[in-house]
1. Within the set of pairs 6 or more residues apart or between chains, which connect a residue that is under 20 Å from GLN134 (Cα atoms) inside segment 95-123 to a residue that is hydroxyl-bearing (Ser, Thr, Tyr) and crowded, with 20+ Cβ neighbours inside 10 Å with Cβ atoms less than 6 Å apart?
2. Determine which single condition ALA157 fails, assuming it passes every other condition in (1) surrounded by 12 or more Cβ atoms within 10 Å (Cβ to Cβ); (2) more than 12 Å from LEU75 (Cβ to Cβ); (3) within 13 Å of the chain's Cα centre (by Cα).
3. Name the single residue that is nearest to GLY180 (Cα to Cα) among those in segment 116-127 being surrounded by fewer than 18 Cβ atoms within 10 Å (Cβ to Cβ) and of a type in the set (Gly, Ala, Ser).
4. Are there any pairs, at least 6 apart or on different chains, whose C-beta atoms fall under 7 Å, with the first in segment 126-148 and of a type in the set (A, V, I, L, M, F, W, C) and the second part of a loop (DSSP other than H, G, I, E, B) and surrounded by fewer than 20 Cβ atoms within 10 Å (Cβ to Cβ), and if so, which?
5. Tell me, which helices (runs of 4 or more DSSP H) lie completely within segment 33-115 with 3 or more residues that are buried (at least 22 other Cβ atoms within 10 Å of the Cβ)?
6. Within segment 116-128, take every residue that is in a loop (DSSP other than H, G, I, E, B) and aliphatic (A, V, I, L, M) and give me the one that is modelled with the highest pLDDT.
7. Quick check on my filter: what residues within segment 128-152 are out of contact with any helix residue (DSSP H, G or I) (no Cβ under 6 Å at 6 or more places or on another chain) and surrounded by 15 or more Cβ atoms within 10 Å (Cβ to Cβ)?
Amino acid sequence: MSPRSQSVNEELRRRSRERLLQATVDLVDERGYEATTLADIADRAGSARGLVSYYFPGKRQLLQSAVHRLMHHTLGAALAREPHTDDGRELMARAIDAILGLAIAHPVLMRTHMAGILQAQGFVQCPEQQRLAQILRSTVETYGSEDADADYLLLRAQLMGTVFAQLLPGAPMPLSRLRGELFQRYELAWDLGVPPAPEPPPEDGRHDFAGTPPPA
């Protein structure tokens, strides 16, 4: 039997890594971070335990990469869904709704992720984080930003703060109000994206930005 080509080996490694990332999301969602071991993740992914250490330096780094993968997959799907559009306002609304929706769909996972980012190592610079940054920056650019690098960082910070506010134990803020604040900031009409309710909260009802051009 002839040896596998380099491209075949690379594809096998990519699939193995993807299975580990997905297994991490599933298990932390089900059990929480502390109750999930690297051995559990390897078993769920159908991989050898040593492969986890080969790809990732530790569980915290694995978790961050797994969540960033989930985020960029969710974001990419939201931006590409039908009806397809190149409208910067609609794409910005979809991006905001996609990220805020993760806090609703995966509260344990996202709360653990936010806690990890606040620790000493901060962001893990990995392909998944870089892909997420690329998609968000492209969305900001399509929206009409003249300084996409700076405005991407601002959007990222605002989304992180909003997700944190949704997940704050004992004092979470309602999604509709948080979404309304972000939509006001970016001058987006409430009916863009995927509204969580037919109408904005009463305190946000005065904000109707349909047809207003993006800020310069």
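The values are calculated or read from the model by the stated rules, or taken from the named source; none is laboratory data. All figures in this text were calculated on a predicted structure; none of them were measured in a lab. All Cβ positions, even for glycine, are placed from backbone atoms using ideal geometry, and neighbour counts span all protein chains on display.
1. From residues that are under 20 Å from GLN134 (Cα atoms), the pairs are ALA95/THR139.
2. (1)
3. Top of the filtered list is GLY122.
4. none
5. Values: elements: 38-45, 49-55, 59-80, 88-105.
It comes to 59-80, 88-105.
6. Top of the filtered list is LEU118.
7. Within segment 128-152, ALA133, SER138 qualify.
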